Amino acid sequence: MIFYKKKFKSILEKKGYASSSIESYIRRLEHYENWCKQPKNSKYTNNKKLAFEYLKQLKKKTSNSRTLNRELQPLKLYYRLCRKTNPFEFLYINQVQESIIKTNLLSKEELDGIYDSFKQNTLFEKEIKCYWGSIFFKE
């Protein structure tokens, strides 16, 4: 597989990319190129299979979806600008949202006890009690 790094660099310069971004994109493209040249990867003749294998290799290093998308972005851009077919075009890693499981929450009686025991010495403390009361004790 031949990569046109000079062509890619000149296109990015014409589009007004910063020199640090261009260097980073070229570095990532070279990393992908070196990975493709490894003998174990020569068995993949289909570019999409090669792209998925590269994604698997990246996932071994990090599971952060932002990092993975940041690693894939230069390759997507390279194929979009310099090649006809883009095996990375539809690769996007969604962020996993962690849900909080609500267990062992305080009962209404326990909240009432905490609310009533709060001392109101200053105006600020009265405002805090009023604010928290409006949040927790809505009927």
Filtered residues of the stretch 47-62 (kept if without any contact (Cβ under 8 Å) to a residue 40 or more places away in the chain, open to solvent by less than 100 Å² (accessible area, probe 1.4 Å) and either part of a helix (DSSP H, G or I) or closer than 12 Å to Pro87 by Cα (or both)): Leu50, Glu53, Tyr54, Leu55, Gln57, Leu58
Among Ser24, Ser65, which is farther than 20 Å from Cys82 by Cα, surrounded by 12 or more Cβ atoms within 10 Å (Cβ to Cβ), among the small types (Gly, Ala, Ser) and touching a residue at least 24 places away in the same chain (Cβ under 8 Å)? Ser65
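The values are calculated or read from the model by the stated rules, or taken from the named source; none is laboratory data. Small disclaimer: the values here were computed from a predicted structure and weren't measured. Counting neighbours? That spans all protein chains shown, and the Cβs are built from the backbone with ideal geometry, glycine included. Accessible surface areas use protein heavy atoms only, side chains included; no ligands, DNA or RNA. Shrake-Rupley method; radii C 1.70, N 1.55, O 1.52, S 1.80 Å.
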